[in-house]
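The values are calculated or read from the model by the stated rules, or taken from the named source; none is laboratory data. What you see is a predicted model, and the numbers here were worked out from it, not measured in a lab. We place every Cβ from the backbone using ideal geometry, glycine too, and count neighbours over all the protein chains shown.
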Amino acid sequence: MIKRFMKHAPDDSSSSGALNDLSFLLIIFFIVIAGFNVNKGFLLNLPVKDKPRIVKTDDLMKCRLVADGSIMLDNKRLTLEELRTAIAEKKAEWPNMTFLLLIDGNTEYQQVVDIIYEIKQQKIENFSFKLDGE
């Protein structure tokens, strides 16, 4: 007795592999062309190492931000609005002024952002900040 084995058509694995590859490529394509909304934060131009900048003491406006959120300018406590007017007066007197912000290490981040925002609104080009304390 002779047995004949029937041949079944093998599953073509390459057809599903091609679909997987195609779907993977489409996903990558859409990720690449998608526009992502990224917060840029503060864009600051850093000085070039080759050209050191010399700042005159008359052109320097020192402001201290204390941990409790108060703003000190020339040992006087100011509000944010008073600081705005003081910056405007100083800029009118010295257009190339440099604003130096001394920040206490325990100050809340939002208070620092508020002062930097005011500096940016006044269009102060020369801005420096330093962290005091720990």
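For the reader, a short list of remarks on this structure follows.
- Selection within the stretch 36-73 - closer than 22 Å to residue 111 by Cα, part of a loop (DSSP other than H, G, I, E, B) and modelled with pLDDT under 85: 39, 40, 41, 42, 43, 44, 45, 69
- Restricting attention to the stretch 72-96 and to residues that are in contact with a Leu (Cβ under 7 Å, 6 or more places away or on another chain) and more than 16 Å from residue 130 (Cα to Cα), the residue that is surrounded by the fewest Cβ atoms within 10 Å (Cβ to Cβ) turns out to be 86.
- Hey, residue 126 in contact (Cβ under 8 Å) with a residue 60 or more places away in the chain and among the polar types (S, T, N, Q) or not: yes
Yes/no per residue for (1) under 20 Å from residue 59 (Cβ atoms); (2) in a strand (DSSP E or B); (3) within 19 Å of the chain's Cα centre (by Cα):
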{"position": "85", "(1), (2), (3)": "yes, no, no"}
{"position": "91", "(1), (2), (3)": "yes, no, no"}
{"position": "103", "(1), (2), (3)": "no, yes, yes"}
{"position": "107", "(1), (2), (3)": "no, no, yes"}
{"position": "112", "(1), (2), (3)": "no, no, yes"}
{"position": "116", "(1), (2), (3)": "yes, no, yes"}
{"position": "119", "(1), (2), (3)": "yes, no, yes"}
{"position": "124", "(1), (2), (3)": "yes, no, yes"}
{"position": "129", "(1), (2), (3)": "yes, yes, yes"}
